[in-house]
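In what follows, a single structure is set out as structure tokens and then discussed.
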Amino acid sequence: MVATGSAVAMVSNVWLIMRHDHPYDMYVATALLGVGVGLSFAALGTMAVEHVDPDTTAVASAVNSLVRLVGGGVASALTSAILSSDTTTGTGSAAATLRSA
């Protein structure tokens, strides 16, 4: 499942590289990315628990959850920093930059 999810997420990225002229391109790519990440994350949680001794299952599950939360937090902060750096002075909105281009 991890390989399948990764492949679907890759198709999403390739879709955006090849086609990004219409809003529906973003909808398709986002839907594919959601399916790919959903497949991968569900499988990773299962893999983290089934490949450890039964007495360390709780620790494996906790470490898996911690890494997911920290990764999501770092990714959100980086994405916010990148998007906010591309704003028009005085507007506070990246959308204004996109409309004026």
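The values are calculated or read from the model by the stated rules, or taken from the named source; none is laboratory data. Being a predicted model, the structure only gives us computed values, none of them experimental. We place every Cβ from the backbone using ideal geometry, glycine too, and count neighbours over all the protein chains shown. We work out accessible area using only protein heavy atoms, side chains counted, and drop any ligands, DNA or RNA first. Shrake-Rupley method; radii C 1.70, N 1.55, O 1.52, S 1.80 Å.
Could you state, as a whole-number percent, how many of the C-alpha pairs of the chain are farther apart than 17 Å? Numbers along the way, then the final one.
Working: 3454 of 5050 pairs.
Tail of P(r) above 17 Å: 68 percent of Cα pairs.
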**Study point:** Extension reserve of the Ile17-Thr30 stretch, reckoned as 0.36 nm per residue once the Cα distance is removed
**Key:** 3.4 nm
Check your understanding: Taking +1 at the Cβ of each Lys and Arg and -1 at the Cβ of each Asp and Glu, which of Ala58, Thr30, Ala42 sits farthest along the dipole of the chain towards its positive end, judged by Cα position relative to the Cα centre?
Key -> Thr30
Revision key, fill the gap. Magnitude of the Cβ-charge dipole (Lys and Arg +1, Asp and Glu -1) of the chain about the Cα centre, nearest 20 debye, reported as 320
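Probe of 1.4 angstrom, ligands and nucleic acids ignored: what's the accessible area per residue over the chain, in square angstrom? If you can, show how the numbers build up before the last one.
Numbers: 7280 Å² over 101 residues.
For the chain, the solvent-accessible area averages 72 Å² per residue.
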Check your understanding: Based solely on its DSSP helices, what 222 nm [θ] is calculated for the chain when runs of n ≥ 4 H residues each add -39,500 (n - 2.57) and the sum is averaged over all residues, nearest 500 deg cm²/dmol?
Key -> -27500 deg cm²/dmol
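Below 8 Å, C-alpha to C-alpha, sequence gap of six or more: please give me the relative contact order for region 1-94 in percent.
Values: 68 pairs, mean separation 21.9, N = 94.
Averaging sequence separation for qualifying contacts and normalising by length gives 23 percent for region 1-94.
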